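Presented below is the structure to which this report refers.
Derivation of every value follows stated rules applied to the coordinates shown; laboratory data play no part. Computed from a prediction, not measured in an experiment: that's the story for all the values here. Every residue, glycine among them, receives a Cβ derived from its backbone with ideal geometry; neighbour counts consider all protein chains shown.
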Amino acid sequence: MSIQRFHVGQRLSEMAIFNKTIYLAGQIPDDFTQDIVGQTKEVLGHVDRLLAEASSDKLHILMCQIFLSDIHLISGMNQAWDAWVADGHAPPRATVQAALANSAWLIEIVVTAAQK
């Protein structure tokens, strides 16, 4: 089986698919002026877009890793997450505080999902 890579740059690919499993790179916000709720909604939109491109959706997420610049932002992040996640389909998830690569980022999300 071959590995498919999407949106390939010099440093990373935004997504790879192998054996019907989708691996997303860490998704980050583009609009740094938003608060944690806004940045989370934007990043979840990136996740939705990439999964759709790979013939999948949030119902097929196998694992989600969430990195917050400050763990005290978890309440706002959960507000956006809870509105987005499908009832009965909450994936396994880990949420940790991390020193993100850009100080303007409040959140980064990594997803592994199955194709439909």
**OP:** Please enumerate the residues belonging to segment 85-100 that are over 15 Å from the mean Cα position of the chain (by Cα) and either surrounded by fewer than 11 Cβ atoms within 10 Å (Cβ to Cβ) or hydroxyl-bearing (Ser, Thr, Tyr) (or both).
**Re:** Asp87, Gly88, Ala99
Original post:
In segment 24-62, how many are more than 20 Å from Gln115 (Cβ to Cβ) and among the charged types (D, E, K, R)?
Top reply: 5
Original post:
For Ser103, are the conditions met, namely being surrounded by fewer than 13 Cβ atoms within 10 Å (Cβ to Cβ), hydroxyl-bearing (Ser, Thr, Tyr) and closer than 17 Å to Pro29 by Cα?
Top reply: yes
Original post:
What pairs can you find where one residue is in segment 50-77 and without any contact (Cβ under 8 Å) to a residue 60 or more places away in the chain, the other is surrounded by fewer than 20 Cβ atoms within 10 Å (Cβ to Cβ) and in a helix (DSSP H, G or I), and their Cβ atoms are less than 6 Å apart, with a gap of 6+ or different chains?
Top reply: Gly76/Val37
**OP:** Go through (1) more than 11 Å from the chain's Cα centre (by Cα); (2) closer than 13 Å to Val110 by Cβ and name the single condition Gly38 misses.
**Re:** (2)
**OP:** Inspect all residues belonging to segment 70-84 and state whether any of them is part of a loop (DSSP other than H, G, I, E, B) and surrounded by 15 or more Cβ atoms within 10 Å (Cβ to Cβ).
**Re:** no
Subject >> Members of segment 42-63 that are surrounded by 20 or more Cβ atoms within 10 Å (Cβ to Cβ) and under 11 Å from the mean Cα position of the chain (by Cα) >> reply: Val43, Leu44, Val47, Leu50, Leu51, Ile61
Original post:
Is it true that some residue in segment 34-50 is part of a loop (DSSP other than H, G, I, E, B) and in contact with a helix residue (DSSP H, G or I) (Cβ under 9 Å, 6 or more places away or on another chain)?
Top reply: yes
